[in-house]
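Read through the structure below, which is laid out as structure tokens, and then see the notes.
The values are calculated or read from the model by the stated rules, or taken from the named source; none is laboratory data. Worth saying up front: this structure is predicted, and the values here are computed from it rather than measured. Cβ placement follows ideal geometry from the backbone for every residue including glycine, while neighbour counts extend to all protein chains displayed.
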């Protein structure tokens with residue numbers, strides 16, 4: 001970062017895809033210190049999702065970090081509407097994965113997706129209100 005080049009987003013993205021594909025498709029796991037292969041698989045899946053988020057952040061904002069402050073956004077209101085729609089889609093997939101796909105996905109998938117979807121919705125509503133009715 002000292003030379004002004006953007007951070008590498010490919011490496012965390014690749015490892016995130018590998019970990020997440022193992023969680024969803026291959027389901028290779030060990031007992032781990034908690035003696036529960038399914039819990040280890042969940043930890044691997046969360047680590048994969050985290051790496052994918054880091055990769056997205058680095059690709060989108062061309063800098064290291066984790067929190068996308070609203071002053072970094074090019075079009076906050078438009079992006080917030082898209083994020084609200086994406087959050088609703090994630091919530092729909094959470095419902096689908098918890099009700100109809102529970103035989104094919106790890107058990108807490110619906111719960112984790114619900115958490116992610118609700119966080120997306122809360123952030124989108126905050127940005128919409130910040131740049132709309134609650135703007136100075």
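For the residues 105, 113, 89, the requirement of being under 16 Å from residue 23 (Cβ atoms) and in a helix (DSSP H, G or I) singles out 113.
Of all residues in region 66-77, those satisfying the criterion of being part of a loop (DSSP other than H, G, I, E, B) and under 18 Å from residue 119 (Cα atoms) are 66, 67, 68, 69, 73. Per the listing 51, 59, 25, the residue uniquely without any contact (Cβ under 8 Å) to a residue 60 or more places away in the chain, buried (at least 17 other Cβ atoms within 10 Å of the Cβ) and either touching a strand residue (DSSP E or B) at 6+ places or on another chain (Cβ under 6 Å) or not assigned by TED's automatic domain parsing to the domain that holds residue 106 (or both) is 51.
For the list (1) closer than 24 Å to residue 115 by Cα; (2) over 14 Å from the mean Cα position of the chain (by Cα), I need the number of the one condition that residue 53 fails. Single failed check for residue 53: (2). Taking the criterion of being assigned to a helix (DSSP H, G or I) and either within 13 Å of the chain's Cα centre (by Cα) or in contact (Cβ under 8 Å) with a residue 40 or more places away in the chain (or both), the residues of region 127-136 that qualify are 127, 128, 130, 131.
With respect to (1) over 30 Å from residue 4 (Cβ atoms); (2) not assigned by TED's automatic domain parsing to the domain that holds residue 4, the lone exception for residue 73 is condition (1).
Set side by side, the residues 106, 6, 12, 37 differ, and just one is farther than 21 Å from residue 128 by Cβ, surrounded by 17 or more Cβ atoms within 10 Å (Cβ to Cβ) and modelled with pLDDT under 90, which is 106.
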